[in-house]
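Following: one structure in structure tokens, then a few remarks.
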Amino acid sequence: MKIALVSPYDFAYPGGVTVHIANLADQFTRWGHQVKILTPLSTTSTDFPQDVIPFGRPVPIPSGGSTARLSLSVWQRPRIKALLRREAFDIVHIHEPLAPFLPLFVLQLSESVNIGTFHAFHGSGRMYKFTKPLLRRWFRKLAGRIVVSQAALSFIGSHFPGEYQIIPNGIDVGHFSADVPPISDLQDGKINILFVGRLEKRKGLKYLLAAFSSLKWEWPNLRLLVVGPGNLDEDSYAVLSQRNVQDVVFLGSVSRAELPRYYRTADIFCAPATGKESFGIVLLEAMAAGKPIVASNIDGYSSVVSHGKEGLLVEPRSEESLAKALVTLIANPELRHEMGILSRSKAEGFRWEKVAGMVMEHYTNHLKKAS
């Protein structure tokens with residue numbers, strides 16, 4: 001089968017959608033299919049494991065409390081048209097198919113069986129509100145529609161009602177459960193709490209910093225590890241300076257190869273995001289590593305973690321709720337161990353082999369309908 005996977009976002013910049021696409025491509029290629037990835041690209045490097053075809057350089061655009069790196073290169077339209085005609089793909093799988101401009105152009109021009117995956121959960125949906133009359137025509141060109149969670153379904157379905165199949169994100173269980181050595185400098189007897197994510201306001205780091213600062217008085221043997229790109233917001237800086245918080249280690253970006261070592265080093269994983277998360281890939285990573293979770297009780301996260309089983313879900317934007325849940329795990333190593341075992345077991349259900357198999361079945365069903 002000839003498959004095109006279309007990314008709306010810069011493939012050179014790590015993110016949930018690009019990682020999803022890369023893993024689908026890898027799995028499909030292992031199964032003998034021909035896969036090409038169409039994507040904006042900010043680098044001239046060709047050091048990608050998959051067959052990547054760049055279409056325009058991305059620019060950062062604020063979106064849903066985050067920053068989307070999209071291509072606005074409208075002059076790429078003739079190149080897109082020529083490629084689609086030349087390749088004659090069996091399946092064109094477009095991620096965020098109504099996003100500007102590459103996904104939308106591909107959807108407009110494709111004469112293949114078009115599949116769309118909707119990842120986002122952006123709350124207000126202002127873009128769809130004003131562009132829906134224009135987009136509805138192209139939405140109808142999607143033979144198959146996938147959403148990664150119930151939260152994503154609620155969002156896109158409220159604007160574009162229709163038939164959707166929920167197929168979750170996947171995880172490379174073997175990569176994150178590997179028996180790798182922990183970071184030796186951080187193995188000094190302290191209890192390590194790990195945060196992984198971009199340093200954006202919606203990831204809720206300021207609430208974790210505040211909770212951590214209050215816990216340090218009673219539990220001086222704590223340390224907070226912060227992994228992820230970006231710069232701290234003013235509120236987080238204020239918490240650090242005003243409360244003189246100690247034992248917070250900012251590690252910046254960590255390569256995918258090294259990331260499992262940080263999960264291995266952690267005793268507790270914490271994801272205090274405030275909302276607008278359609279899924280919890282970092283939760284799956286921590287679960288595959290066998291770690292107990294403390295996370296905000298938001299739609300995207302509650303679809304991954306069951307409260308009281310793999311971890312504890314808490315009220316979003318609440319320093320007090322975070323601190324209470326963290327203390328429960330800090331004070332109870334046996335509970336941490338039990339939740340870690342359940343986390344590891346549940347992660348098995350999200351292996352990429354299973355997720356890619358569901359996507360491939362979706363493809364074949366729609367190819368049969370089109371034949």
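The values are calculated or read from the model by the stated rules, or taken from the named source; none is laboratory data. Since this is a predicted model, take the numbers as computed values, not measurements. Counting neighbours? That spans all protein chains shown, and the Cβs are built from the backbone with ideal geometry, glycine included.
Number of residues in the range 308-326 that are of a type in the set (A, V, I, L, M) and over 23 Å from the mean Cα position of the chain (by Cα) equals 3. Name the pairs whose Cβ atoms lie under 7 Å apart, with the first residue in the range 353-364 and of a type outside the set (Phe, Trp, Tyr), the second part of a helix (DSSP H, G or I) and buried (at least 20 other Cβ atoms within 10 Å of the Cβ), and 6 or more positions between them or separate chains? Going by the 7 Å Cβ cut-off, the qualifying pairs are 353/27; 356/24; 356/27; 356/28; 359/24. Of the residues screened, residue 278 is one that is touching a His at 6+ places or on another chain (Cβ under 7 Å), outside the structural domain of residue 149 (by TED's automatic domain parsing) and within 29 Å of residue 67 (Cα to Cα). In the range 81-95 there is no residue that is buried (at least 20 other Cβ atoms within 10 Å of the Cβ) and modelled with pLDDT under 95.
Selection within the range 225-237: residues that are outside any loop (DSSP other than H, G, I, E, B) and without any contact (Cβ under 8 Å) to a residue 40 or more places away in the chain. The member of this set that is surrounded by the fewest Cβ atoms within 10 Å (Cβ to Cβ) is 234. Comparison of 101, 139, 121 shows that the only residue that is among the aromatic types (Phe, Trp, Tyr), buried (at least 24 other Cβ atoms within 10 Å of the Cβ) and outside the structural domain of residue 269 (by TED's automatic domain parsing) is 121. Each residue in the range 194-224 was checked for being over 16 Å from residue 325 (Cα atoms), modelled with pLDDT of 95 or more, surrounded by 20 or more Cβ atoms within 10 Å (Cβ to Cβ) and not charged (D, E, K, R), and 1 pass.
Taking residue 105 as the residue in question, decide whether it is over 29 Å from residue 196 (Cα atoms), over 23 Å from the mean Cα position of the chain (by Cα), part of a loop (DSSP other than H, G, I, E, B) and not small (Gly, Ala, Ser).
Working: over 29 Å from residue 196 (Cα atoms): yes; over 23 Å from the mean Cα position of the chain (by Cα): yes; part of a loop (DSSP other than H, G, I, E, B): no; not small (Gly, Ala, Ser): yes.
Taking the combined requirement at face value, the residue does not satisfy it.
Residues of the range 297-328 that are surrounded by fewer than 18 Cβ atoms within 10 Å (Cβ to Cβ) and not small (Gly, Ala, Ser): 297, 307, 309, 315, 317, 320, 324, 327, 328.
Output the residues belonging to the range 151-172 that are in a helix (DSSP H, G or I) and under 16 Å from residue 358 (Cβ atoms). Before you say what the answer is, go through the steps one by one.
Within the range 151-172, the subset in a helix (DSSP H, G or I) is 151-159.
Matches in the range 151-172: 152, 153.
Of the residues making up the range 160-182, at least one is surrounded by fewer than 19 Cβ atoms within 10 Å (Cβ to Cβ), modelled with pLDDT of 90 or more, touching a Lys or Arg at 6+ places or on another chain (Cβ under 6 Å) and farther than 24 Å from residue 100 by Cβ.
Go through the range 274-296 and count every residue that is surrounded by fewer than 24 Cβ atoms within 10 Å (Cβ to Cβ), at pLDDT 95 or above and closer than 15 Å to residue 208 by Cβ. Going through the range 274-296 one residue at a time, the tally reaches 0. Please enumerate the residues belonging to the range 85-98 that are aliphatic (A, V, I, L, M) and either touching a His at 6+ places or on another chain (Cβ under 6 Å) or closer than 15 Å to residue 141 by Cα (or both). The answer is 91, 92, 94, 98. Here residue 18 passes the criteria (1) at pLDDT 95 or above; (2) surrounded by 18 or more Cβ atoms within 10 Å (Cβ to Cβ); (3) assigned to a helix (DSSP H, G or I) except the one numbered (1). Pairs needed: first member in the range 166-195, free of Cβ contacts under 8 Å to residues at least 24 places away in the same chain; second member anywhere, in a helix (DSSP H, G or I); C-beta distance under 7 Å; at least 6 residues apart or different chains. Sorted first by the residue in the range 166-195, then by its partner, the pairs are 166/150; 166/153.
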